[in-house]
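Trainee: The structure under discussion is supplied below as structure tokens; questions concerning it will follow.
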Amino acid sequence: MKRKALTFTLIVATLILTSFTSYIIKGAKAGNNDYTIQNVNHTVEVLYNGYVFINDTMQIDGRANGFLIGFPYKYGSHVLECVAYDGTADFQVDLNVTLEDHVGFYSVRINFPQGTPEVFTVGFVLSNNLLDQNPYNNSQYVLDFPAYPSLTKDVANCNVSILLPEHSQYIGGTVDNLVYRQENLTAFTYSPADLAFSVSGNTLGIANIKELNRQIKVSGTCEIEGSDTYSITSKALQEISSFQIILPQNATDISAYDQLGRTMNANATEKTSKCEVFFTPQLRTNRSVSFTVKYSLPGDKYIKQGELNSFNLTFTLLEHLNYYVNQSSVTFVLPEGARMLSFEEASVDGSYSITRNVFQETLTVNRKSVFSFDSFNIWLTYEYNRLWLSFRPTLWMWSLAVVGCALALVWKRPKAPIAVAVSKEGVALSSKDIRSFVDAYDKRRKIILEAESLKTAVRKGKIPRRRYKVRRRTLETRFNALSRNLADLREKLLAAGGRHRDLMRRLEVAEIEITEVDSNIESIEARHRRGELSLGGYRKLLADYERRKDKAETAVNEILIRLREELH
């Protein structure tokens, strides 16, 4: 009996202690989130290619340990990107969290590591699946959107603005107008809404822009030539006759070309940097097209000369874009003979790569999920001696001089036949040499794969380290022997000239790319282990390097296939 009483007493004490602890934790949380929301500006903007940008600017009073904001859950599957920031910094965003245990909402958590700002902004990019086109009247659309943000506290005042494309007209919907307000907006507001509007002209083109690849080429005289290559897929119900793109400011001499190099009609407005490219034939639903727009930029607007042979290039990337792009890259091509000294990127996201050829260096900046909100500056400093301007003309003069001397010698040669030494250039190549090269190359690639597998096995403890060292030395001996044999066979293929020389040079470029990528991957892995590189940044860089490596390995496979085809 006494044991039962003691057990009952312990259970009651445990329940009391648990309740008290829960009360203390809730009180602590309440203390860390003791704030009021004074004002919210809720802006819903329809971008040119149909994507939706929701921008909520908060004015709060008090301290927020973590700020929660969301909207009805049905919009969660359409969220592509979310950012939070104030006038001085960007904040970490945790996606798809619960809105204080309330179901039916998609929400994010904003973390403030340096204290709670009085005013900050949260931006969401949603897919263009929220925009429906009327199948009977293609100029009319219906937008599905959250009329108000969903918050955990009441809002004293909420101002809402809906920004439609140019030349749009409001028709109707669950909201009375494009601008409205709500006082004393209650917490956990659940407010899906729709709005019908019509568009005249080409101010809305529903499409997915899969890629935007921009190249900025700088000449030795500080002239700049640019080219933008777009890859888009139409999602409009009707055929698209044209598509508007945004060029860098001050672009001139604008021309457009399709993926086969044929000229396309383009109508450019230099004041607004807009360029409308016309399709022939028109682009049908779910069809894709690629095109390139070329232009010139004034060098004095972007390049300033520093001390001696130093030049500073300042460029704003992805500025004024009124559409959403899935993947983008910007490549800066420096003049021949220029050497990159330094560069600085005003961005916390994305990756870059530097390519160095014999006479030229290029810098490529890659970004995912971009539009005008993601514009940023890049500062690049390079060293260039203007004597390189005479490099090409001098090279041509020497070539002409050599050809002239050769012609003179041929003209003045004796009439009697003399023995002529046959150069290695154009020497006939046997199928045995080609077969030996392909077989040796395949064997060397297998050794590389075996060495990587061996390294993984010893790292995981599957084989003893002593056995690993013995096996590694054996592989290294075989690898060195094959490399020497391959070097001799490669020289024969180069000496054969023609397509064999071209294949060997392409193979060398691909091998250099693979070696450089492997070195970069080891570098970012080391930086990630040391904590110098975040998990998100590591994954993005790794994906970029793996894509480059796959491309180079594909080039190697294509070269080997072409060599094998000659054996049949």
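The values are calculated or read from the model by the stated rules, or taken from the named source; none is laboratory data. Predicted, not measured: the structure shown is a model, and the values here were computed from it. All Cβ positions, even for glycine, are placed from backbone atoms using ideal geometry, and neighbour counts span all protein chains on display.
Trainee: Would you tally the residues in segment 214-241 being surrounded by fewer than 16 Cβ atoms within 10 Å (Cβ to Cβ) and aliphatic (A, V, I, L, M)?
Mentor: Here the count works out to 1.
Trainee: A follow-up question, please. Can you confirm whether residue 211 is under 27 Å from the mean Cα position of the chain (by Cα), surrounded by fewer than 16 Cβ atoms within 10 Å (Cβ to Cβ) and within 28 Å of residue 290 (Cα to Cα)?
Mentor: Yes; evaluated as a whole, the condition is true for this residue.
Trainee: Identify all residues within segment 481-501 that are loosely packed, with under 12 Cβ neighbours inside 10 Å and under 14 Å from residue 444 (Cβ atoms); write none if there are none.
Mentor: 484, 487
Trainee: Given 515, 456, which one is out of contact with any helix residue (DSSP H, G or I) (no Cβ under 7 Å at 6 or more places or on another chain), without any contact (Cβ under 8 Å) to a residue 40 or more places away in the chain and not assigned by TED's automatic domain parsing to the domain that holds residue 545?
Mentor: Just one listed residue meets the conditions, 456.
Trainee: Can you run down the residue pairs with Cβ atoms below 7 Å, 6 or more apart or on separate chains, where the first is in segment 460-472 and in a helix (DSSP H, G or I) and the partner is surrounded by 10 or more Cβ atoms within 10 Å (Cβ to Cβ) and among the β-branched types (Val, Ile, Thr)?
Mentor: The qualifying pairs are 465/458; 468/458.
Trainee: Oh, and also: From the list 564, 527, pick out the single residue that is assigned to a helix (DSSP H, G or I) and farther than 30 Å from residue 93 by Cβ.
Mentor: Criteria check complete, one pass: 564.
Trainee: Can you tell me which of (1) surrounded by fewer than 18 Cβ atoms within 10 Å (Cβ to Cβ); (2) over 30 Å from residue 383 (Cβ atoms) is the one residue 279 doesn't meet?
Mentor: The number of the failed condition is (1).
Trainee: Across segment 101-119, what is the total count of residues that are more than 19 Å from residue 79 (Cβ to Cβ) and not polar (S, T, N, Q)?
Mentor: Adding up the residues that qualify gives 7.
Trainee: Being closer than 29 Å to residue 547 by Cβ and surrounded by fewer than 17 Cβ atoms within 10 Å (Cβ to Cβ) narrows it down to one of 469, 432, 462, 443, so name that one.
Mentor: Going through 469, 432, 462, 443 in turn, the sole match is 443.
Trainee: Cβ-Cβ below 6 Å, separation at least six or inter-chain, first residue in segment 167-190 and within 26 Å of residue 103 (Cα to Cα), second surrounded by 12 or more Cβ atoms within 10 Å (Cβ to Cβ) and basic (Lys, Arg): which pairs?
Mentor: 187/153
Trainee: Same structure, new question: Can you work out which of the residues in segment 530-568 that are among the hydroxyl-bearing types (Ser, Thr, Tyr) and loosely packed, with under 13 Cβ neighbours inside 10 Å is nearest to residue 509 (Cα to Cα)?
Mentor: Filtering first and then ranking leaves 554.
Trainee: Also, quick follow-up: Give me the residue from segment 74-108 that is outside any strand (DSSP E or B) and of a type in the set (S, T, N, Q) and, out of that set, surrounded by the fewest Cβ atoms within 10 Å (Cβ to Cβ).
Mentor: Per the stated criteria, the residue is 88.
Trainee: Something else: Residue 548: part of a helix (DSSP H, G or I), out of contact with any Lys or Arg (no Cβ under 6 Å at 6 or more places or on another chain) and under 19 Å from residue 433 (Cβ atoms), yes or no?
Mentor: No, not satisfied.
Trainee: Of the residues 159, 65, 111, 137, which is in the same structural domain as residue 185 (by TED's automatic domain parsing), surrounded by fewer than 20 Cβ atoms within 10 Å (Cβ to Cβ) and in contact with a Gly (Cβ under 8 Å, 6 or more places away or on another chain)?
Mentor: Matching residue, one of 159, 65, 111, 137: 111.
Trainee: Just to be sure I understand, how many residues within segment 247-262 are touching a residue at least 24 places away in the same chain (Cβ under 8 Å) and in a loop (DSSP other than H, G, I, E, B)?
Mentor: 6
Trainee: Now a separate question. Would you say residue 244 is surrounded by fewer than 15 Cβ atoms within 10 Å (Cβ to Cβ) and assigned to a strand (DSSP E or B)?
Mentor: In short, no.
Trainee: Residues of segment 67-107 being in contact (Cβ under 8 Å) with a residue 24 or more places away in the chain, among the acidic types (Asp, Glu) and on the phi > 0 side of the Ramachandran plot, which ones?
Mentor: Within segment 67-107, just 100 meets the criteria.
Trainee: Could I ask something else about it? Kindly check whether there is at least one residue in segment 506-522 that is part of a helix (DSSP H, G or I) and within 18 Å of residue 435 (Cα to Cα).
Mentor: yes
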